[in-house]
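Trainee: Would you mind keeping the following structure in view while I ask a few things?
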Amino acid sequence: MTNYAKLIDGILRYAPGSTNKTLGYNLESNRAQMLADGYKPVVMLPNKDKFTDCEGFYSFHFIETETAIEERAAYHPYGYEELRRKAYPGIEMLCDALVKINSGDSSLKAAGEEQLAAYVQNCLQVKAKYPKPN
């Protein structure tokens, strides 16, 4: 079933449903009258779940064309801060390394220092992958 609507200030306003005054107004059989009243068919995007990306997100909006109101997807890339936040290693790795370094046990301390060095290296790789813009 095709839905009909008007786009008013960016908000989709569907044709009235079945009420006492407009019984059957929004039926496909009344297409000519809805078009004459300024309503247009609404074309929705199929399979919105395919709009995924690890480095950004999509928002959806409607635009009015000459013959229809069409749903469109807009891609918004994350800034470097969000990309880094998602890519940094877990803080647990850092905490565990610090506990080992400060444990007083020489073998734990050595393991903690290795772990801390790996943590720092991972963070530096993330910074290199997602540099701060100038």
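Trainee: Name the residues in the stretch 67-82 that are closer than 30 Å to Gln125 by Cα and not acidic (Asp, Glu), would you?
Mentor: Looking only at the stretch 67-82, we keep the residues that are closer than 30 Å to Gln125 by Cα, and these are 74-82.
If the condition is that a residue be closer than 30 Å to Gln125 by Cα and not acidic (Asp, Glu), then Ala74, Tyr75, His76, Pro77, Tyr78, Gly79, Tyr80 are the ones that fit.
Trainee: Got a number for residues in the stretch 92-134 being closer than 30 Å to Pro77 by Cβ, in contact with a Phe, Trp or Tyr (Cβ under 9 Å, 6 or more places away or on another chain) and of a type in the set (A, V, I, L, M, F, W, C)?
Mentor: Of the residues in that region, 4 qualify.
Trainee: A follow-up question, please. List, please: which pairs have Cβ atoms under 7 Å, are six or more places apart or on different chains, and start with a residue in the stretch 103-122 that is over 25 Å from Ala87 (Cβ atoms) and without any contact (Cβ under 8 Å) to a residue 12 or more places away in the chain and end with one that is surrounded by 12 or more Cβ atoms within 10 Å (Cβ to Cβ) and not polar (S, T, N, Q)?
Mentor: Ser103/Lys109; Leu108/Lys100; Lys109/Lys100; Lys109/Ile101
Trainee: Just the residues that are closer than 30 Å to Arg31 by Cα, of a type in the set (S, T, N, Q) and out of contact with any Pro (no Cβ under 9 Å at 6 or more places or on another chain), please, taken from the stretch 65-121.
Mentor: Residue satisfying the conditions is Thr65 alone.
Trainee: So is Glu64 charged (D, E, K, R) and over 30 Å from Leu124 (Cβ atoms) or not? Working first, answer last.
Mentor: Working: charged (D, E, K, R): yes; over 30 Å from Leu124 (Cβ atoms): yes.
Against the criterion (charged (D, E, K, R) and over 30 Å from Leu124 (Cβ atoms)), Glu64 qualifies.
Trainee: If I filter the stretch 54-72 down to residues being touching a residue at least 24 places away in the same chain (Cβ under 8 Å) and more than 21 Å from Arg13 (Cβ to Cβ), which single residue comes out as least open to solvent (accessible area, probe 1.4 Å)?
Mentor: Among them, the one singled out is Glu55.
Trainee: Kindly check whether there is at least one residue in the stretch 33-41 that is open to solvent by 70 Å² or more (accessible area, probe 1.4 Å) and either in contact (Cβ under 8 Å) with a residue 24 or more places away in the chain or within 26 Å of Ala87 (Cα to Cα) (or both). Give the steps one after another, and end with the answer.
Mentor: To start, the set of residues in the stretch 33-41 that are open to solvent by 70 Å² or more (accessible area, probe 1.4 Å) comprises 33, 36.
Subsequent filtering for residues that are either in contact (Cβ under 8 Å) with a residue 24 or more places away in the chain or within 26 Å of Ala87 (Cα to Cα) (or both) retains none.
Looking through the stretch 33-41, none of the residues is open to solvent by 70 Å² or more (accessible area, probe 1.4 Å) and either in contact (Cβ under 8 Å) with a residue 24 or more places away in the chain or within 26 Å of Ala87 (Cα to Cα) (or both).
Trainee: Also, quick follow-up: From the list Leu98, Leu83, which residue is within 22 Å of Ala118 (Cβ to Cβ), surrounded by 12 or more Cβ atoms within 10 Å (Cβ to Cβ), modelled with pLDDT of 95 or more and not charged (D, E, K, R)? Step through it out loud before you land on a result.
Mentor: Details: Leu83 fails: modelled with pLDDT of 95 or more.
Matching residue, one of Leu98, Leu83: Leu98.
Trainee: Let me ask something else about it. Hey, can you tell me all the residues within the stretch 33-89 that are farther than 18 Å from Lys132 by Cα and either of a type in the set (S, T, N, Q) or in contact with a His (Cβ under 9 Å, 6 or more places away or on another chain) (or both)?
Mentor: Gln33, Asn47, Thr52, Phe57, Tyr58, Ser59, Thr65, Thr67, Glu71, Arg72, Ala73, Ala74
The values are calculated or read from the model by the stated rules, or taken from the named source; none is laboratory data. Model, not experiment: these values are computed from the prediction. Neighbour counts are summed over all protein chains in view; Cβ atoms, including those assigned to glycine, are modelled from backbone coordinates with ideal geometry. In case anyone asks, the SASA skips ligands and DNA or RNA and just uses the protein heavy atoms, side chains included. Shrake-Rupley method; radii C 1.70, N 1.55, O 1.52, S 1.80 Å.
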